[in-house]
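Here is the structure we will look at.
The values are calculated or read from the model by the stated rules, or taken from the named source; none is laboratory data. Because the structure is predicted, anything quoted here is derived from the model rather than measured. Every residue, glycine as well, gets a Cβ built from its backbone with ideal geometry; the counts of neighbours run over all protein chains shown. For accessibility, only protein heavy atoms count, side chains too; no ligands or nucleic acids. Shrake-Rupley method; radii C 1.70, N 1.55, O 1.52, S 1.80 Å.
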Amino acid sequence: MWALLAALLVTGCTPQPVTGPPRAAAFNATDTAWIQLMIPMNERARLLTGLAPSRTADPALAELAARTGTRLREEEGRLRALLDLAGVPDTRPHEGHDMPGMVSLGTLAEARAATGAAFERILVDSLRAHFAQAGTLCANEQVSGSAKEAKELADTLGRTAAEELGRLGTTHRPEP
């Protein structure tokens, strides 16, 4: 009897393997929608930042655009990895949409035709809108998402968006 009790105590105190559903099952509709929206938002913003070297004469703004474009590309990679982890194909449900915070196709056309201060206004205003909306979307993901990986990335991207928004607000104010 004592041997059986000792065996139960020993096995009850040892770590048991964690089993559960595959990681894809941890992703809810909010996680998936957040990922599928952030990817095209970043793609459009990156297209805009890519125009800066040939459109602005402001070295600080050109550097900000280059840094932002690099960060957006890195974020896209992380978002696509989450989409793969979630087991969701990249169906691009927001292709062609113009949504709050997303650089519109019309804005990209205007930016391609503008230079100097006119381009800089488009770039700064669009990046402000992008960072503000990204922050809102990331906060919503943290509240309503379920996958730990998505919520952690949303926290990181949300903090980065807030920092970039703060930097833009204090250092880059093109004349109207």
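Within segment 51-67, the residues that satisfy the criterion of being in a helix (DSSP H, G or I) and under 16 Å from R121 (Cβ atoms) are A52, R55, A60, L61, A62, L64, A65.
Residues that are assigned to a helix (DSSP H, G or I), open to solvent by 60 Å² or more (accessible area, probe 1.4 Å) and either modelled with pLDDT under 95 or not β-branched (V, I, T) (or both) are absent from segment 30-46. Going by what's in this entry, would E120 be described as open to solvent by less than 50 Å² (accessible area, probe 1.4 Å) and either at positive phi or among the acidic types (D, E) (or both)? Yes: the conditions hold for E120.
Of the helices (runs of 4 or more DSSP H) contained entirely in segment 70-176, those carrying at least 3 residues that are within 18 Å of P53 (Cα to Cα) fall at 105-113, 116-144.
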